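One structure follows; several queries about it will come next.
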Amino acid sequence: MRASIIPKSAADLRVRPHLDESARQSFTWAGVRAELRGLPGGGINIAVEALDRHAEGPHAERIALRHIDRHGARRDFTYAALSRASNRFANALRSLGVRKGERVFLLCARIPELYIAALGALKTGAVVSPLFSAFGPEPLRTRMTLGNAKVLVTTATLYQRKIAPIRASLSGLEHILVVPDAASGSIPAATTDFSRVLAAGSEQFQVEPTLESDMALLHFTSGTTGTPKGAIHVHGAVVTHFATGRYALDLHAGDIYWCTADPGWVTGTSYGIIAPLLHGVTSIVDEADFDAERWYRILQEEDVSVWYTAPTAIRMLMKAGPELARRFSFPQLRFVASVGEPLNPEAVWWGKDVLGLPIHDNWWQTETGGIMIANTPAMAIKPGSMGRPLPGVDAAIVRRGAGGGIEHIETADTEGELALRAGWPSMFRGYLDQDERYRKCFAGDWYLTGDLAKRDADGYYWFVGRSDDVIKSAGHLIGPFEVESALMEHAAVAEAGVIGKPDPVSGEVVKAFVSLRAGFEANESLRLELLGHARKRLGAAVAPKEIAFLPGLPRTRSGKIMRRLLKARELGLPEGDTSMLED
Ligand code: AMP
């Protein structure tokens with residue numbers, strides 16, 4: 001039996017960690033803000049803090065970004081070079097007539113152009129909305145339509161496969177800037193060559209005077225019902241990115257840092273683009289998909305010192321076996337953190353055995369914009385716990401009462417909803433055009449996260465589950481409604497209900513239950529057809545992996561599909577309260 005706590009001695013900590021109790025005591029958000037540069041006139045701009053602050057200082061020639069392509073070739077960008085390239089892109093956007101607040105969507109693999117475009121757009125005051133490249137045409141169309149996309153930056157291959165089929169329906173999309181790629185050859189008709197506009201732009205750029213409260217990023221996330229929600233984040237969020245890069249990820253000057261998350265999701269933006277640059281470290285960007293041997297090789301050959309990854313990836317490394325891991329060594333690795341899904345205690349111990357370091361779980365979500373709860377370097381780890389609230393973060397376990405109020409649960413180890421007191425700088429400021437949905441997330445000062453958790457007597461938080469029906473598969477949040485809607489578009493489907501089915505590697509996989517319209521027969525060929533239909537529309541990241549036929553789906557008297565019941569039946573669990581079930 002492994003110990004339930006991993007204490008750390010001074011010898012375990014190779015550098016002095018940023019966060020100790022004295023740092024907690026003296027922390028203020030205003031103090032962190034004062035360490036950043038800001039803009040003349042009192043505003044702030046994420047890209048200026050991330051890039052120009054270093055490009056105009058002693059770190060100008062330090063490598064900001066090391067890109068490793070699918071074949072293993074490296075391309076380095078210094079802070080100065082990345083700042084110049086982003087200026088070129090910012091000028092290109094201005095010459096296209098893009099104004100402050102207008103939306104620039106990014107749909108790319110992890111290629112340097114994605115980083116240049118994101119940072120350049122932020123300098124213009126345009127709003128950046130990253131899209132996941134494994135989405136199919138339907139989720140892309142929904143998000144670009146809701147977000148009112150004016151510009152899209154993509155690659156030739158992604159354009160041909162995913163955008164060309166929906167382009168006609170994106171009436172507000174004025175400019176498509178396409179990065180040429182080897183697979184697709186030339187630039188498609190009626191699009192603009194990204195490299196040409198970049199080359200034409202000047203390297204000098206007058207940054208838009210953005211304010212802390214100006215919208216900077218639009219990250220789409222999903223709920224149980226309805227369309228995806230565009231979480232609005234502001235330039236002032238950079239204060240949280242800076243503080244958490246220091247206190248949760250322990251970034252120090254000279255670190256080589258690798259965040260494995262894709263910038264199509266919030267982690268890949270907050271901690272794959274912004275936070276590492278804020279700290280002047282060298283960030284590794286690997287274009288390729290997961291491959292156990294490649295990942296160990298990158299950790300070893302790039303001398304990665306701080307690594308931020310996710311439970312599914314860790315479980316895939318565990319699955320690849322210890323022999324493979326033993327062929328590599330990681331003497332430079334100093335700190336490993338994980339986010340996105342529950343991190344099983346075995347994974348924490350696996351880190352200690354294989355990497356020589358335990359894995360530090362931390363918790364946050366799209367709406368919080370940055371890490372809120374974390375196992376930090378200086379504190380003992382409790383394997384299975386998400387850690388303690390970071391400085392400046394006020395967390396609580398609450399119960400929703402009648403009339404929209406909440407009751408705080410003070411007793412240790414008692415389950416309730418995780419809530420955060422509003423006021424940290426990266427808190428989302430709205431769901432785009434959905435004020436009512438935003439308001440419902442708050443009870444007075446408290447933001448209700450939708451996660452169920454417990455707090456123990458030492459102040460550590462333990463994840464229990466979601467209070468809604470959203471699915472977390474391989475760390476990606478999937479709204480069941482989006483999947484059900486795509487299935488319902490097929491002529492054979494009368495109704496569809498979608499659940500997350502527990503999976504030892506991905507956490508959950510998407511499973512759909514469908515009932516058929518009269519005249520259709522439930523058989524293997526229709527099942528395969530439906531799987532193919534969903535995959536084509538939704539993309540591999542969102543489509544169901546399993547589909548089962550049922551004669552009818554359980555519904556409440558008011559007509560809502562009871563996903564909870566579908567899940568209980570699938571897992572052989574008690575059905576709970578079924579009094580709402582329709583006869
Ligand atoms: P997203 O908004 O896509 O980043 O997903 C956020 C959700 O992922 C949270 O609300 C949690 O349900 C889950 N999550 C994130 N981090 C953790 C963690 N460390 N442990 C358990 N669940 C997590």
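Just so you know, all these numbers are worked out from the coordinates, no wet-lab data involved. All values reported here derive from a predicted model rather than from experimental measurement. Methodologically, a virtual Cβ is constructed for each residue, glycine included, from the backbone with ideal geometry; neighbour enumeration extends over all protein chains shown.
Could you give the spread of the C-alpha atoms of the range 507-583 along their three principal axes, from largest to smallest, in whole angstroms?
Taking the Cα atoms of the range 507-583, the three principal extents are 38, 36, 22 Å.
Using Cα centres only, tell me the gap between the range 262-299 and the range 233-260 in whole Å.
Result: 12 Å between the Cα centres.
Report the one residue of Ala412, Thr282, Ala568 whose Cα lies farthest in the direction of the positive end of the charge dipole of the chain (charges on C-beta: Lys and Arg +1, Asp and Glu -1; origin at the Cα centre).
Working it through, the farthest residue towards the positive pole turns out to be Thr282.
Can you compute 3J(HN,Hα) from phi for each residue in the range 420-436, using the Karplus curve 6.51 cos²θ - 1.76 cosθ + 1.60 with θ = phi - 60°, rounded to whole Hz and x for Gly and Pro?
10, 6, 4, x, 6, x, 9, 4, 4, 10, x, 9, 3, 6, 9, 4, 5
Taking Cα atoms of the range 1-122, Rg/Rh with Kirkwood Rh, to two decimals? Walk me through the intermediate numbers first.
Working: Rg = 19.6 Å, Rh = 17.9 Å.
We get a ratio of 1.10 for the range 1-122.
Remind me, relative contact order of the chain in percent, using alpha carbon pairs under 8 angstrom and six or more residues apart? The partial results should precede the final answer.
Details: 1245 pairs, mean separation 75.6, N = 583.
In percent, rounded to a whole number, it is 13.
Can you tell me which of 216-225, 123-132 comes out highest on packing, and rank the rest after it, using the mean Cβ neighbours within 10 Å?
Taking the mean over residues of other Cβ atoms within 10 Å, the ranking is 123-132, 216-225.
Over all directions, average the projected area of the Cα convex hull of the range 392-522 and note it in nm². All intermediate terms of the calculation are to be shown ahead of the outcome.
Working: hull surface 45.9 nm².
Here the figure is 11.5 nm², rounded to one decimal.
Using the per-residue mean of other Cβ atoms lying within 10 Å as a proxy for protection, in what order, highest first, do the peptides 106-115, 238-247, 348-357 fall?
Values: 106-115: 23.3, 238-247: 26.8, 348-357: 18.5.
The densest-packed peptide leads the list: 238-247, 106-115, 348-357.
Go through Lys319/Lys382; Lys536/Lys560; Lys123/Lys545 and tell me which ones have a Cα-Cα distance over 30 Å in this structure. Don't skip to the answer; put the middle values down first.
Values: Lys319/Lys382 23 Å; Lys536/Lys560 27 Å; Lys123/Lys545 41 Å.
Where the Cα-Cα span goes over 30 Å, the pairs concerned are Lys123/Lys545.
Please list 287-295, 570-578, 417-425 highest first by mean number of surrounding beta-carbon atoms within 10 Å per residue.
Numbers: 287-295: 15.2, 570-578: 10.3, 417-425: 20.1.
Output ranking for 287-295, 570-578, 417-425: 417-425, 287-295, 570-578.
Which whole-number percent gives the relative contact order of the range 1-107, counting Cα pairs below 8 Å spaced six or more residues apart?
Working: 54 pairs, mean separation 16.1, N = 107.
The normalised contact order for the range 1-107 reaches 15 percent.
For the charge dipole of the chain, defined by +1 on Lys and Arg C-beta atoms and -1 on Asp and Glu C-beta atoms about the Cα centroid, which residue among Gly403, Ser95, Thr312 has the Cα displaced farthest towards the positive pole?
Ranked along the dipole, the leading option is Ser95.
What is the ratio of the Cα radius of gyration of the range 337-382 to 2.2 N^0.38 Å, with N the residue count, to two decimals?
Working: Rg = 11.1 Å, N = 46, 2.2 N^0.38 = 9.4 Å.
Normalised Cα radius of gyration, the range 337-382: 1.18.
Now for a separate question. Assuming R0 = 41 Å, what is the FRET efficiency of Arg400 and Glu346, from their Cβ-Cβ distance, to the nearest 0.05? It would help to have the intermediate numbers written out before the result.
Numbers: r = 33 Å, r/R0 = 0.82.
The computed FRET efficiency comes out at 0.75.
On to the next question. Rounded to two decimal places and with Rh computed the Kirkwood way over Cα pairs, what is Rg over Rh for the range 452-494? Intermediate results must be reported in sequence, preceding the final value.
Values: Rg = 16.7 Å, Rh = 13.1 Å.
Looking at the range 452-494, the ratio lands at 1.27.
For the range 489-496, take each phi angle, set θ = phi - 60°, evaluate the Karplus expression 6.51 cos²θ - 1.76 cosθ + 1.60, and give the result in whole Hz per residue in order, putting x for glycine and proline.
Per residue, the Karplus-derived 3J(HN,Hα) values read 6, 7, 4, 7, 8, 8, 8, 9 Hz.
Suppose only helical runs count, i.e. DSSP H with n ≥ 4. What mean residue ellipticity at 222 nm does that imply for the chain under -39500 (n - 2.57) per run, divided by all residues and rounded to the nearest 500 deg cm²/dmol? The partial results should precede the final answer.
Details: 17 runs with 146 residues, N = 583.
Result for the chain, helices only: -7000 deg cm²/dmol.
Can you compute 3J(HN,Hα) from phi for each residue in the range 526-543, using the Karplus curve 6.51 cos²θ - 1.76 cosθ + 1.60 with θ = phi - 60°, rounded to whole Hz and x for Gly and Pro?
After applying 6.51 cos²θ - 1.76 cosθ + 1.60, I find 5, 4, 5, 4, 5, 4, x, 4, 5, 5, 5, 7, 9, x, 4, 6, 10, 5 Hz.
Rg/Rh for the chain to two decimals, with Rh computed the Kirkwood way over all alpha-carbon pairs. Before the final figure, lay out the partial values.
On the way: Rg = 23.6 Å, Rh = 24.7 Å.
With Rg and the Kirkwood Rh in hand, the quotient comes to 0.95.
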